[in-house]
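What follows is a set of notes on a single structure, which appears directly below.
The values are calculated or read from the model by the stated rules, or taken from the named source; none is laboratory data. In this text, all values refer to a predicted model and were calculated from it rather than measured experimentally. Cβ coordinates were reconstructed from backbone atoms using ideal geometry, including for glycine residues, and neighbour counts include every protein chain displayed. We work out accessible area using only protein heavy atoms, side chains counted, and drop any ligands, DNA or RNA first. Shrake-Rupley method; radii C 1.70, N 1.55, O 1.52, S 1.80 Å.
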Amino acid sequence: MKKIGVLGWILIGFVVGIIVGAIVGKPITVIKPLGTLFINLLKMLVVPLIFSTLAAGVSTFTGEKLGRMIGKTFFWYYLTGIAAMIIALIIAGISGAGIGFPVGELKAVQIKAPPSLIDVGLNVIPTNPIESLAKGDILPIIFFAIVLGMSIAAVGKAAEPLKNFLQALAEAMYKLVGYVLWYGPIGVFALMATTVGTYGLSILKPYAYLIFLVYLANAIQFFGVYPALMRLMGIRPYRYLNKIKESPIFAFTTCSSSATLPVSMRVCKAAGVPDRTCSFVLPMGATVNMDGTGMYQAISAIFLANAFGIQLTFYHYIMIAVVSLLASIGTAGVPGAGLIMLSMVLGAIGVPIEGIGIIAGVDRIMDMARTAVNVADDTVATVIIGKTEGDELPDDLLFGKSTA
Ligand code: ASP
């Protein structure tokens, strides 16, 4: 009999979690700490993993390659982002989402103000890198790791010990990711059981249409747009998605791109994408590349505008697309962050910010789908950029190399 690997157990934990959550309901939330433990274990790995792999990876780049990688990475991020916006606008636009929704039951909510985009931009440069590492601020860590990697390359031989140290740290961190994954089945079980137990079907009912539209848009992006792009680039899409599926599954359960990052790095590497490409494209993507979140924000904004009886014009739709894309860039890779940033989109089209209160109660359900797409997005960008950079990908991922 074939041995069930860790992924098999994780899938079992996922399905059993849904069933147990549905049967037991609210009382199952007592096992929530088991899920939190898992998320904490993953988060523990994020900072040392990104820092060591990225700095070590960049130290092997030439200046020209680095510039090209940055350009390509952002090109792919925003190419898929634009596709996502078109899908979201079409789906929400023709569905009439939110028309007639009773906004009278509005609950007042306290909303944290989203950071301004200028602040997000400026905060990329760490005034104190050690503080950024300690606080786990991903973008400043990425910035520092890149410039450190560049200077290691420039120094050359004298900086070899530092490079070797970073490489050794990266290897050890990957090993640790493997160990943490063994707790995955229990963690995923607990997270799913608690989520399903908390949101019984009855809570979801009034929001079923909105949730359906968000899932539909995300599914089109995941199963349609990404495979099409990979195919275009000569990569076997479903084979690749099959190889990296742990990553979206973890994202679905944890609702955090950041916490899923160690898993994404591991699966992309295991799928055959070289380490230095993974360590460059994935961490940045986990922070600034969020197609799922952008689509959710656009659809929710249209839903709420309709619910409040706001007549949407062509101008509104353009604003929604542009601001959702920007808001998704500013969204942190943690649960619920997209909901806070949604206030930016609502503000841009004149929908009352209180609208957030209408969907806050079921946000977690939508967070699962959008986070899964957010991370799939990064893993797809990784393999595509790797291919265009001449990375040696395994034959079974490439059209024309394998017939199976
Ligand atoms: N939870 C999402 C993520 O981590 C962000 C969001 O709330 O949209 O990718």
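If we scan region 130-149, do we find a residue that is over 17 Å from V46 (Cβ atoms), of a type in the set (A, V, I, L, M, F, W, C) and not in a helix (DSSP H, G or I)?
Taking every residue of region 130-149 in turn, none turns out to be over 17 Å from V46 (Cβ atoms), of a type in the set (A, V, I, L, M, F, W, C) and not in a helix (DSSP H, G or I).
Restricting to region 337-364, name every residue that is touching a residue at least 40 places away in the same chain (Cβ under 8 Å) and open to solvent by 20 Å² or more (accessible area, probe 1.4 Å).
Answer for region 337-364, where residues must be touching a residue at least 40 places away in the same chain (Cβ under 8 Å) and open to solvent by 20 Å² or more (accessible area, probe 1.4 Å): I340, M344, G350, P352, I353, E354, A360, G361, R364.
Quick test for you: out of L191, L204, L241, pick the one residue that is assigned to a helix (DSSP H, G or I), farther than 28 Å from G121 by Cβ, open to solvent by 10 Å² or more (accessible area, probe 1.4 Å) and in contact with a Gly (Cβ under 6 Å, 6 or more places away or on another chain).
L191
Could you tell me how many of the residues in region 289-327 are open to solvent by 10 Å² or more (accessible area, probe 1.4 Å) and either farther than 20 Å from A83 by Cβ or within 11 Å of the ligand (Cβ to nearest atom) (or both)?
So the count comes out to 10.
Quick check: anything in region 273-286 surrounded by fewer than 24 Cβ atoms within 10 Å (Cβ to Cβ), of a type in the set (D, E, K, R), more than 16 Å from the ligand (Cβ to nearest atom) and at pLDDT 90 or above?
no
Of all residues in region 52-64, which are crowded, with 16+ Cβ neighbours inside 10 Å and assigned to a helix (DSSP H, G or I)?
The answer is S52, T53, L54, A55, A56, G57, V58.
Check off (1) within 16 Å of the ligand (Cβ to nearest atom); (2) part of a helix (DSSP H, G or I); (3) closer than 27 Å to G272 by Cβ for I359 and give me the number that stays unchecked.
(3)
Working carefully through the options I91, I86, find the one that is in a helix (DSSP H, G or I), β-branched (V, I, T) and surrounded by fewer than 16 Cβ atoms within 10 Å (Cβ to Cβ).
Result of the check over I91, I86: I86.
Which of (1) within 12 Å of the ligand (Cβ to nearest atom); (2) part of a helix (DSSP H, G or I); (3) more than 18 Å from A88 (Cα to Cα) is the odd one out, the single condition P335 does not satisfy?
So the condition that P335 fails would be (2).
Would region 245-257 turn up any residue that is under 18 Å from R370 (Cα atoms), within 13 Å of the ligand (Cβ to nearest atom) and in a loop (DSSP other than H, G, I, E, B)?
yes
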